[in-house]
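Everything on this sheet refers to the single structure shown next.
The values are calculated or read from the model by the stated rules, or taken from the named source; none is laboratory data. Note that this is a predicted model, so its numbers are computed, not measured. Here Cβ is always computed from backbone atoms with ideal geometry, including for glycine, and neighbour counts include all displayed protein chains.
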Amino acid sequence: MDEKIPILRMGEFLLVTIQVDMHDRLAMTLQDDLTNRISKTGAKGVLIDISSLEIVDSFIGRMLANIASMSRVLDADTVVVGMQPAVAITLVELGMSLPGVRTALNVDAGMALLRKSLEANEEAEYGRRF
Amino acid sequence: MPTVNPQTSVLEAIIAKRKREVLEEWLREMVGSTRRNDLMKESELQRQCSDILDSLAVATANGGAMDSTAYDSIREKLTEISRSRAAQGFTARETATFIFSIKRPLFNAIRAELSNDPGAVATEMWTATELIDGLGLYTTDAFIKSREETIRRQQEEMLELSTPVIKLWEGILALPLIGTLDSARTQVVMESLLESIVQTNSQVAIIDITGVPTVDTVVAQHLLKTVTAARLMGADCIISGVRPQIAQTIVHLGINLLDVTTKATLADAFILAIKRAGFTFVRQQKKEVKHED
């Protein structure tokens, strides 16, 4: 119960690095913590780094999709980064293609993706054209 | 002491006693039928025949059925011979006939040995026939098995050879697929592509299927899975080289490729990948080239 996944703040974004094997309760705790943090900090984007995650099941897959949907409701983009090939294959074989989740190769690429979409959003909201 | 089968032990005595004779006759016998001087040296053949007769004597001395331990040594010899003959280029028929051709010399030996007792001759001949038929069939089995081993090994080698992942540019990978895709191959393709994406940190992967003759639902499903898995890892996939015939098949089969970027040729896909990676190509003006020279 004491186990928690740290959520780091990096400017406008939140960074979650999953470095332990996910079990169901840990996933639920993360979901809870993350949504709270987003609303408290007003973060515009969430990066979930799962490069150390080696085992997934359908529950974890669904949790990733859920977190992405929840953050979008809270006005934050979610990017899942660093998924291992084995994990990707497993998710695909489970029939979970995570359609609403954006992905990137690593934290760097994910951060760039978030910045770009943030700019695009701002443009759209203020009706500016470059 | 196990009970000795009287019939086989008679056979053993005959083989042991008349080994030289049988061997010579056997070798003569093969000149007309299965001798292949082009594939095998005479001395080697002689050694093999002699080995077989020795093991046969040992096997028949102890008696018992073909699968008993007494026959271990001869089975081992026959397997070895089959394997070497398969490698040397003998046909299955030639290899089996090699064993069957021992019949005539062996029967002659039995007849000469038991000339006073026609009943015993008949019994011994039946025993010998049964024995040699069994050995012949075993040889054929071993021959086929060794051929199958070769085929399987070649298949595995082809599997490894046929899935190279090529780095085209910084962050751009290409996977040219050639030949029919089946589940096992697609699995290897998928894994090697995803591994390469991680290793080279590539954002775009181009799967070129120019060399794939046909695409059915299973293959299309596998391709879609690969594309989805790559997307989950954060890389874009482009499928290129879809031939008109394949495009028709895909639509007729009702496979949804709408979410996948497809391009006609690898070149088109490469240009798109370059653009996505943020590069631009500029053709130099001829004038400038001359000026530089």
Helices (runs of 4 or more DSSP H) fully within segment B:202-293 counting 1 or more residues that are aliphatic (A, V, I, L, M), surrounded by fewer than 19 Cβ atoms within 10 Å (Cβ to Cβ) and touching a residue at least 40 places away in the same chain (Cβ under 8 Å): B:266-276
Does B:Ala61 satisfy the condition of being modelled with pLDDT under 80, surrounded by fewer than 19 Cβ atoms within 10 Å (Cβ to Cβ) and either closer than 24 Å to B:Val121 by Cα or within 32 Å of the chain's Cα centre (by Cα) (or both)? yes
Condition first: free of Cβ contacts under 8 Å to residues at least 24 places away in the same chain, charged (D, E, K, R) and either more than 18 Å from A:Glu12 (Cβ to Cβ) or away from chain B (no Cβ under 14 Å) (or both). Can you find one or more residues in segment A:83-96 that meet it? yes
Just checking: which of the strands (runs of 3 or more DSSP E) contained wholly in segment A:36-127 hold 1 or more residues that are closer than 23 Å to B:Ile172 by Cβ? A:77-81, A:102-104
Can you report the number of residues in segment B:82-129 which are within 20 Å of B:Arg18 (Cα to Cα), among the acidic types (Asp, Glu) and assigned to a helix (DSSP H, G or I)? 2
Tell me yes or no: at least one residue of segment B:102-121 is touching a Leu at 6+ places or on another chain (Cβ under 8 Å), crowded, with 18+ Cβ neighbours inside 10 Å, without any contact (Cβ under 8 Å) to a residue 60 or more places away in the chain and of a type outside the set (Asp, Glu). no
Counting only residues that are of a type in the set (Ser, Thr, Tyr) and in contact with a Cys (Cβ under 8 Å, 6 or more places away or on another chain), which one in segment B:214-270 is farthest from the other protein chains (Cβ to nearest Cβ)? B:Thr261
Here's a check for you: in segment B:173-187, which residue that is surrounded by 15 or more Cβ atoms within 10 Å (Cβ to Cβ) and assigned to a helix (DSSP H, G or I) is farthest from the other protein chains (Cβ to nearest Cβ)? B:Arg185
Quick test of your reading of the structure: A:Asp77 fulfils all but one of (1) more than 10 Å from every other protein chain (Cβ to nearest Cβ); (2) more than 10 Å from the chain's Cα centre (by Cα); (3) more than 21 Å from A:Gln19 (Cβ to Cβ). Name the failing condition by number. (2)
Restricting to segment B:15-39, and then to whatever is crowded, with 18+ Cβ neighbours inside 10 Å and assigned to a loop (DSSP other than H, G, I, E, B), can you tell me which residue is modelled with the highest pLDDT? B:Arg18
Would you call B:Ile197 in contact with a Cys (Cβ under 9 Å, 6 or more places away or on another chain), modelled with pLDDT of 90 or more and in the same structural domain as B:Thr249 (by TED's automatic domain parsing)? no
